[in-house]
Amino acid sequence: MNSKLIKLSHKLSRLLRHEGPIDPHAWMEVSYLIQHKGFTLEQLQTIVRENNKQRFEFSDDMTRIRARQGHSLAVDAELDVQTPPAVLYHGTAKDSVDSILAEGITSQGRIYVHLTDSVQTAISVGRRHGEPVVLRIDAERMNCEGITFYKSRNNVWLTDFVAPQFVSIENCIAEI
């Protein structure tokens, strides 16, 4: 995506995740974005199609659009409960590690904690916040203890909270 579309993608993300107006299932009318927020249908289609993290989706009739996860607004994004793989990862900055190991991983103002099954994705996420550190999450043990996991349509694993006893440092940063 070109720089203009990247900026529009960030604007769209902010609107769909944090500002609204969205319905209880996180959908926003495409016509609202076109009439009131300066988007064109072509721009929205390109953003949905080319976003490298596949953050957005259209309704089947393409009259509505939503972010797949990352909301700070109270919504039901219609996620299905799923059994996670044994291990998931969370990317963070080195400066955050001590507090996470002491207090766990919180949603930081979002509805859910975001996790991944990819070390490389976790590294990329951690880099956005500083020197990256990958945390290993014992998702199998969490699941056995009754903690609920969801998987978004773009393969982000979500849960309410990750307690410190399920977190360890993944020793992989030196490999990159």
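Annotations
- Charge dipole magnitude, Cβ of K and R +1, D and E -1 - the chain, Cα centre, debye nearest 20: 720 debye
- Two-site label geometry, Asp61 and Val97: point separation in nm, points 7 Å out along Cα→Cβ: 5.2 nm
- Taking the Cα centre of region 1-99 as reference, the dipole from Cβ charges on Lys and Arg (+1) and Asp and Glu (-1) amounts to some 500 debye.
- The value obtained for the chain, namely the Cα convex hull volume divided by the number of residues, is 121 Å³ per residue.
- Toward the positive end of the charge dipole of region 78-143, with +1 on the Cβ of Lys and Arg and -1 on the Cβ of Asp and Glu, the farthest Cα among Leu79, Ser107, Gly91 is that of Gly91.
- Helix content alone sets the calculated 222 nm mean residue ellipticity of the chain: runs of n ≥ 4 DSSP H residues at -39500 (n - 2.57) each, divided across all residues, give -8000 deg cm²/dmol.
- Solvent-accessible area of Thr116 with every protein chain in place, 1.4 Å probe, in Å² to the nearest 10: 20 Å²
- Calculated over region 110-168: convex hull of Cα atoms, volume per residue (Å³): 95 Å³
- Carbon and sulfur %, accessible surface of region 80-175 computed with the full protein complex present, 1.4 Å: 43 percent
- Each label was represented as a point 7 Å from its Cα along the Cα-to-Cβ direction; for Leu41 and Thr106 these points are 4.4 nm apart.
- Using 0.36 nm per residue and subtracting the Cα-Cα separation, the extra length available between Leu5 and Ser168 on full extension is 54.9 nm.
- In the chain, taking the dipole from charged Cβ atoms about the Cα centre, the farthest positive-side position among Gln43, Leu15, Thr116 is held by Gln43.
The values are calculated or read from the model by the stated rules, or taken from the named source; none is laboratory data. On a predicted model such as this, the values are computed, not experimentally measured, just so you know. Counting neighbours? That spans all protein chains shown, and the Cβs are built from the backbone with ideal geometry, glycine included. In case anyone asks, the SASA skips ligands and DNA or RNA and just uses the protein heavy atoms, side chains included. Shrake-Rupley method; radii C 1.70, N 1.55, O 1.52, S 1.80 Å.
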